[in-house]
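The values are calculated or read from the model by the stated rules, or taken from the named source; none is laboratory data. Just so it is clear, the structure is predicted and the values come from calculations on it, not from any experiment. Don't worry about glycine lacking a Cβ; one is built from the backbone with ideal geometry, like all the others, and counts go over all protein chains shown.
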Amino acid sequence: IEAALASRNTIVVCSIDAGSPEVYAAKKKADVLGKVLENNKRYAKAARTGRIFFKYIMDVDNCAPEEVLRFVEHTYHAGVKSVVQDVNSYNDFVTDEMIESMALMSRELAKLGIASFIGGCGVYGYPELAIHTRLQDALEASGTMTAEEVRRRVYGA
């Protein structure tokens, strides 16, 4: 993987979905968060560009603010420059807490200069949930980002 990333012909997306070892182990059925982060730190160094992404699939069991903040910290320390945020595509709902946590993640990543994008099977699979609009509203309400920054974070534009 490291050689492929160094060649610049490869993009890696690693779905972390947690900030704590406990939540990671519960979601992934393996207690290996430390090893995953260690590997991705090596991959990020090999890539030397934004060709490695962390993904966070927001759900009711991983949307606590402290979980999100730990994930942001892990992302920063791993040297990963881009995060994709999504929601669980097996659910037909997105709670306000999940939206607030996505907004928190967007704000905290922006402070660290880490790009974040909203999208994936869950977000695009349920347009009636208005995830983009709800997230845009939450970010604008926080008053910590300009309208242009909000659009870039939510829509990638």
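Would you confirm whether any residue within region 144-157 is within 13 Å of the chain's Cα centre (by Cα) and either at pLDDT below 85 or under 28 Å from residue 44 (Cα atoms) (or both)? Show your work before the answer.
In the first step, residues of region 144-157 are kept if they are within 13 Å of the chain's Cα centre (by Cα); the result is 153-154.
Adding the requirement that they be either at pLDDT below 85 or under 28 Å from residue 44 (Cα atoms) (or both) leaves 153-154.
Yes, region 144-157 contains a residue that is within 13 Å of the chain's Cα centre (by Cα) and either at pLDDT below 85 or under 28 Å from residue 44 (Cα atoms) (or both).
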> Which ones in region 76-122 are crowded, with 16+ Cβ neighbours inside 10 Å, farther than 14 Å from residue 53 by Cα and among the acidic types (Asp, Glu)?
Replying inline: 100, 108
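Between 34, 50, which is in a loop (DSSP other than H, G, I, E, B), farther than 19 Å from residue 100 by Cα and either over 12 Å from the mean Cα position of the chain (by Cα) or modelled with pLDDT of 90 or more (or both)? I'd like the intermediate steps shown before the answer.
Details: 34 fails: in a loop (DSSP other than H, G, I, E, B).
Answer to the check: 50.
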>> Could you check region 1-25 and list, in sequence order, the residues that are exposed (fewer than 14 other Cβ atoms within 10 Å of the Cβ) and of a type in the set (Gly, Ala, Ser)?
In response: 3, 7
